[in-house]
Structure formats: structure tokens, C-alpha cells
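Accompanying notes for the structure given below.
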Amino acid sequence: MLNISRNQLNKNVTLVGYKAFEKAFKSKHFKIFNRFLLALGIIALVILFLPWTQNVSGNGYVTTLTPDQRPQTIQSPIPGRIEKWYVREGDFVKKGDTILFISEIKNEYQDPLLVERTRDQRDAKNRSVTSYQGKIAALQGQISALNKERRLKLQQAENKLMQARLKVKTDSIDLQAANTNRDIAARQFSRTQTLQAEGLKAMTEVEEKRLKLQETEAKLNSQENKLLSTRNNVINAEVEISRVAAEYADKIAKASSERFTAESNQFEAEAEVSKLENRSTNYELRSAMMYITAPQNGYINKALRAGLGETFKEGEKLVGIMPSNYDLAVETYVNPIDLPLMHLDERVRVQFDGWPAIVFSGWPGATFGTYSGKIVAIETFISANGKFRILIAPDKEHEPWPKNVRVGSGALTFALLEDVPIWYEIWRKLNGFPPNYYTPKDSNSTKTKK
């Protein structure tokens, strides 16, 4: 009945008393349902004003706090062939324990006496260096002797030159005396001849003066020849000095050349010794590399190259090892829009895969089965998955993380931010807005740590 007409029958006709009316219209039920709706509305209104903790969630996995505590593979720095395994998968090994033994596959390293023969070559070259050192010392002594002999020879030649010069001086004086004697004899002969012409001297005296004059002239000629001879000796002495200097310069230059050659050979031998020493050390280290040892204490996870006689190249992965001592951490990823909300030492709740938990992300106090952590590192470059990587360590002020958590397990993280009303959080989600920009109370200290 639509009650379109002005004659409203529901005001004039009553349906009370009919069974159909009693079954369809029950006022008592209406009152209960209305009260239920009113109570539900009040509760919903109250809930809208309850506090809600904003958070940034992320998915990650369990890792270790430092890189050297993470699972790793052991490689061989040299190519080889697997000869013997000393461990099995799951075994515990200490640092330095032998894991497997390999053999060489390159022809130049297969000689079992390679190290000893290289040492023999090095020792032979070392003795060659000693021989060159002795030759250099002998040549240096020869050069010193030649320098000393040259000095003495030059002194001897200079003495001869001095004697020749003094002889020239003496002969010059003698020549001057002979010239004076001849002049005197000539004057005496002239006077005697004049007096003989006047009859005052005998002819014999004239003959004696003539003979005396001839003797002085002969002495003068002889003295001139003697002076020329001594001057020639001076020239010879000067030539001898030049000859001695040139002769010994040539001998010293030849000895110096031989010494430089010996020094050059010594340097080449020393360089060869150094090369052989380096080669010998490399061969020793290479021989030690045939035993693959554990880099740290841990458990053998999986043998990646298992067969005996199987060859491999250098750098190939042979076996995986998990360190026995490690500090757990969680590696999680957040969207770039949430990155400004992340700070060092920020508290984060972590839920581990395999551990039962009841999670109310906005009510951390009512959550069960999660564990507390804090942010210790925030990556400054985006990862390959388009998110930023964050490293979370256990919070020592709260409950410890489970001991049976293994590296590689999955984890769900909740970074707790500000407390806001639920209606605001619903409004933010509907509009797609990011959480409120959050600055922790100890932001100054956080900036200092950064």
C-alpha cells in the first residue's frame, strides 16, 4: 500500500489482530535491533577516535650484522683438479682446517721439484753476483794502482823536464862564458899581431894567440851544440809528460770500461736473482694453495664441485660455508616515499617466518609474537627492486630474538611512527597520502651519528 491517495486507509483501518500482521511486524524486535545499531554506531564512533600508530612495513630476510659473518663460498685462486675431500656436508670446521686437496693441471707447474730447482737457479745467479763483485773490486784496485803509477810517472817526467831546463840554463851560461873567452882571445890576438908588426912581440906569441883564439872558437861551437842538445831534451821531456798522461789515461779508461761492464752484469744478475726469488716464492705459495682451507670457523653447507678428478678454473666456487659465530640482523626494503621517515636507531618490530604471531600493526601493545629491533644502517642508493635497503639489528633493551632463527629466513618489519586517530589513518589511506613526517626526539644525536 503506497498511500498515494488522500484517503489514507492505514489511519482508518487497523491490521492488528491478523496473524499475518503479527508475524511481519514485531515492535519488540525493532527496538532491540535499533538499540544494537545505536550501540554499534557509538562503538564505531569511539573506535574512530582511538589512537593508531602509523607504521612503515617492509618485507625482508634474516642476515648478519657484518659481511664477514654471512654465508660464503670458498674458491680456488688457481685452476686444478679435485683429488681428495677431507670433510662432509654439515661438518664443523675450524679456521685453517683442510677441506680438500687439489692438483695442478698446467704443464709449467707440474714438476714436483719445481721449487727446489728454482732455488738452485737463484743460488747460481747469486754466486754470479758475488763473482762480479770480486771482479769489480779487482778492477777498482787496478784503477787505483794505475792512478798511483801515473802520478809517479808524471812526477818522474816533470823532474826530467826540470833537470833539462836547468841544464839549458847551465849550458846557456857556459855558452855566454865561451863567447866571452872567444872575444877576449880575439882581442889578445889582435893586440899581439899589432905589437909583432911594430916589432915588440915575437912571431911565436902571435901563433900562440891565434891557437888560443881557435880553441875558444871551437869551445864556443861545442857549447852551442850542447845548448841545442839540452833544449831538445826539454822538448823530449815535455813530450814524455804528454805521452805518459795519454798512456795512463787510456789504461785507466779501459779498466773503468771493464769495471762498468762488470757492474752492469752485476746489476743484471741481481735483477735475475730478484726475479728468481719472486718466482720461487710464488711457486711456494702456489704449492700451499693446493690445500683448500677454511677461512673461519663454520659449517660446511654444500659441495658445489663434488667429483674426484673434476677440473675447475680459478675463481670457481667449490664449497659453501656458514660461519658458526654471527650476529643476526634483518635486511628489509621500504618504498622511496617512506624513506624520509626512516632514521638511525629507530625502533622496529620484526615478525619472523615460522614463529606464530598475532599482529596489529597499529596497536603494537596488543601484538604478540613480534620482536624489537632498531635501524643501524640506511642505504643511500636505490636497490634493483626499486626500494631502499635498511639493516635492522636486535634491540638489546628488549627481549632477545629467537635462537633458532637461521640466516636467510623471511621477515616482516614494522617501523613505528606517530600516534594518530583511526579516522585520520583511514582518511590518509583513502587518499593515498604518506604517513606524517616523523622526527624522533633524539634527532640531534641521530644526525651526529650520521
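The values are calculated or read from the model by the stated rules, or taken from the named source; none is laboratory data. Computed from a predicted model, the values in this text were never measured in an experiment. Virtual Cβ from ideal backbone geometry, glycine too; neighbours counted across all protein chains shown.
Observations on the structure shown:
- Candidates Thr311, Thr293: the one that is out of contact with any Ser or Thr (no Cβ under 9 Å at 6 or more places or on another chain), of a type in the set (S, T, N, Q) and either in the same structural domain as Asp91 (by TED's automatic domain parsing) or buried (at least 16 other Cβ atoms within 10 Å of the Cβ) (or both) is Thr311.
- Any hit, segment 139-152, residues being within 35 Å of the chain's Cα centre (by Cα) and surrounded by 15 or more Cβ atoms within 10 Å (Cβ to Cβ): no
- Checking each residue in segment 28-84 for being among the β-branched types (Val, Ile, Thr), out of contact with any helix residue (DSSP H, G or I) (no Cβ under 8 Å at 6 or more places or on another chain) and in a helix (DSSP H, G or I) picks out Ile32, Ile42, Ile43, Val46.
- Checked against (1) over 30 Å from Asn385 (Cα atoms); (2) in contact with a Pro (Cβ under 6 Å, 6 or more places away or on another chain); (3) modelled with pLDDT under 90, Gly298 passes all but condition (3).
- Taken over segment 196-207, the criterion of being surrounded by 15 or more Cβ atoms within 10 Å (Cβ to Cβ) and assigned to a helix (DSSP H, G or I) is satisfied by Gln196, Glu205, Val206.
- Residues (among the aliphatic types (A, V, I, L, M) and either touching a Gly at 6+ places or on another chain (Cβ under 8 Å) or within 13 Å of Asn232 (Cα to Cα) (or both)) located in segment 137-161: Leu161
- Taking the criterion of being of a type in the set (Val, Ile, Thr) and in contact (Cβ under 8 Å) with a residue 60 or more places away in the chain, the residues of segment 221-250 that qualify are Thr230, Val234, Ile241, Val244.
- Considering Gln193, Gln121, Gln188, the condition of being touching a Lys or Arg at 6+ places or on another chain (Cβ under 9 Å), of a type in the set (S, T, N, Q) and in contact (Cβ under 8 Å) with a residue 60 or more places away in the chain is satisfied by Gln121 alone.
- Top-ranked residue in segment 157-169 [being of a type outside the set (Asp, Glu) and surrounded by 13 or more Cβ atoms within 10 Å (Cβ to Cβ); ranked as farthest from Lys209 (Cα to Cα)]: Ala157
- Among residues of segment 250-267 being hydrophobic (A, V, I, L, M, F, W, C) and in contact with a helix residue (DSSP H, G or I) (Cβ under 8 Å, 6 or more places away or on another chain), the one that is farthest from Gln142 (Cα to Cα) is Ala262.
- Residue list for segment 88-138, filter: assigned to a helix (DSSP H, G or I), within 30 Å of the chain's Cα centre (by Cα) and of a type in the set (A, V, I, L, M): Leu114, Val115
- Within segment 96-118, one or more residues are surrounded by 12 or more Cβ atoms within 10 Å (Cβ to Cβ), closer than 30 Å to Glu268 by Cβ, in contact with a Phe, Trp or Tyr (Cβ under 8 Å, 6 or more places away or on another chain) and not hydroxyl-bearing (Ser, Thr, Tyr).
- Those residues of segment 242-285 which are closer than 17 Å to Gly134 by Cβ, of a type in the set (A, V, I, L, M, F, W, C) and surrounded by fewer than 17 Cβ atoms within 10 Å (Cβ to Cβ), in sequence order: Phe260, Phe267
- Every condition in (1) at positive phi; (2) at pLDDT 90 or above is met by Lys275 except one, and the failing one is (1).
- Within segment 182-202, the set of residues being touching a helix residue (DSSP H, G or I) at 6+ places or on another chain (Cβ under 7 Å), of a type outside the set (Lys, Arg) and within 30 Å of Glu224 (Cβ to Cβ) comprises Ala185, Ala186, Gln188, Phe189, Thr192, Gln193.
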